[in-house]
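What follows is calculated from the coordinates using simple rules that are stated; it is not laboratory data. Computed from a predicted model, the values in this text were never measured in an experiment. With ideal geometry, Cβ positions are generated from the backbone for all residues, glycine too; neighbour counts draw on all protein chains shown.
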Amino acid sequence: MEIRELLTQYQNALANTGNASASSQGVEQLVKTLAGLEAGQIFEGTVNSVKGSQVILGLSSGQNLTARLDKGMQLTQGQSVFFQVKSNDGNTIAIRPVSVGGAAGNPTIRNALSQAQVPLTQATLQMVDEMMKNKMSIDSHSLSEMARQVALHSDAKPSSVVMLQSLGIPLTDEFLQVFENYKVNEGALLKDLSGLADTVAEAAKQGGGTVLSSVVDVLLPGGQISPEAVLFEDVSHSVYEEAQALEEEKDPSFLPREKEEAGVVIGKEAPLTGQELREFPTGSLGRAMSPEGMRDLNQLLRGDATFLKKYPGLFEHNSIKADASAKDVLLALTEHFGKMSGEELEGKLQGKALKELLRAVLEDKYTLEPKELLEKGSVDKLYRQLHSDMENISDRIGQTVPNVAQSVQAATSSVQNNLDFIRELNQMYTYMQLPIKLSGQNATGDLYVYRNKKKASEREDGEISAFLHFDLEHLGSTDISVKLKNKSLDTKFNMADDASFHLIEDNIHILQAKLEELGYQCRIQVSGDGKPMDFVNDFLKQDVPKGNISGGEMLRYSFDVRA
């Protein structure tokens, strides 16, 4: 759309009337209107006529503009269309039609923005729409302040900015990022810890063994390798002799062909199966690491005669023991590689070995056994320890290996931001994540106890609503909703797939019998639709009245009459 073309159109139209004064005033008004259109701004136009690819749009100011339609675009006479300004360099205006759901066509939203003198953009339309859905005031002051926050946090979705504001959680870029993660079920603390393990392993390739030492000193303070790891056994001499033979080949990666097996190699035996790995003790390599990780660890250590001579107790039949403690192996690696440079470690730390070792130790330290959950304050104590440890890791890395500090500190900050978000959320709701050690696996459990602390006095019927969410190895995503009033218990299991559904359904009578023995009147349902609990809509928005908001319809709310 060329501005000079629009001026010519307008002047020609007025020239036919012979009214020079009107022409001058009209041109001045049109120039002012066009010059005020900024990139991102949305304006409304009514289709006055359509002839081929040309369309005449009527603006709210009474002026008409002629525009060309792009191929494939269909408009009809009398249609009201919203356009967004893509760019305006003073000579050419590029616009495109936009659709922002029911918000753009809602006169309340448009009038509210106009009264507050807030630009009509896609972001501000979504902002007001979300404010109304959350029963927030849309008076001029509230809109101006919220628009300022949306502009300050332009990388975040306007709906997320509004939601945090309504919850009373401080609006920071860090909390907004955490909130976005929760919205897509990516808010688990164990996922953050897994990310930290990957980051530290990669950083060690650049910063050397000092990176590993700095982190392990915090995770395992004063850690001592168990005597079993260093005691010589009958097989230790053959292990050492083979390591020396490999060194003589001058190829540390050389492995005899008959010993190249997928999975965990135990001499010439077949690799261990997944079931066999799960039968190892908690905290052991066989329990914590994948077959690929064990293979990489064997390849890393079997060719290192010095390591084998120092820690023979970690090996059996020429391979590392699957029942060896992951802590022992990590401490041994840290001691052995502690003084190596990044260049030296670059060639050694390929594969999954170090990442899985670090992940195993992190998860072991920062998860709780079910019986520990019964101890008062156990979860709070875990959170405090985790937050403090992340701070210490960040400080140590910054002091000792500044060249890799940024990536490691970003990973530790991700964990801390998640913990801080949970703390802030608990100012209003009772919510906690429960990183749990289960038999053969670790799992994240989310406990949502619905009790809006600011409105507790409004609910005196004694009913408690709670949600439990688990991500389990075999059952997958598992959601449990519970409503308890006195001794009346209403429970619903929502399983990820049909197999999980049938497994729970076939055994649910055991749970029901146990609960009835405790005096509860139970009603238990099991469904397998696989729809996970929505953290925002199913938990945080319980206070928002339900209604039909599909098809662009809005709930009715009270609002400032001036808007």
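Around His153, what is the net charge, scoring Lys/Arg as +1 and Asp/Glu as -1 over all other residues with Cβ under 12 Å from its Cβ? Walk me through the numbers on the way to the answer.
Values: positive: Arg148, Lys157; negative: Asp155, Asp173, Glu174, Glu180.
Once all neighbours under 12 Å are counted, the net charge is -2.
For a footprinting-style exposure proxy, rank Met163, Met432, Met146 by other Cβ within 10 Å, fewest first. Write down the numbers at each step before the final one.
Values: Met163 21, Met432 17, Met146 25.
So the ranking, lowest neighbour count to highest, is Met432, Met163, Met146.
When Val128, Val47 are ordered from fewest to most other Cβ atoms inside 10 Å of their Cβ, what list results?
Working: Val128 29, Val47 17.
Listing Val128, Val47 from fewest to most nearby Cβ atoms yields Val47, Val128.
Once the Cβ-Cβ distance between Arg148 and Leu484 is put in as r, and R0 is 41 Å, what FRET efficiency do you end up with, to the nearest 0.05?
On the way: r = 43 Å, r/R0 = 1.05.
Rounded to the nearest 0.05, the efficiency is 0.45.
Sorted by packing (mean other beta-carbon atoms within 10 Å per residue), highest first, where do 388-399, 290-301 land? Could you put the intermediate results ahead of the total?
Numbers: 388-399: 18.2, 290-301: 20.2.
In descending order of packing, they fall as 290-301, 388-399.
Translational D (Stokes-Einstein, µm²/s) of the stretch 113-166 at 20 °C and 1.002 mPa s when Rh comes from the Kirkwood sum over C-alpha pairs?
Values: Rh = 10.7 Å.
Diffusion coefficient, whole number: 201 µm²/s.
Only counting other Cβ atoms within 10 Å, I'd like Leu57, Leu475 sorted with the fewest neighbours first. Can you show the working numbers first?
On the way: Leu57 21, Leu475 18.
Listed from fewest to most nearby Cβ atoms, that is Leu475, Leu57.
Starting from the stretch 464-506, pick out the trypsin sites (Lys or Arg not before Pro) whose DSSP state is loop and whose Cβ has at most 16 other Cβ atoms within 10 Å.
Numbers: sites: Lys483, Lys485, Lys487, Lys492; in loops: Lys487.
Answer in residue order: Lys487.
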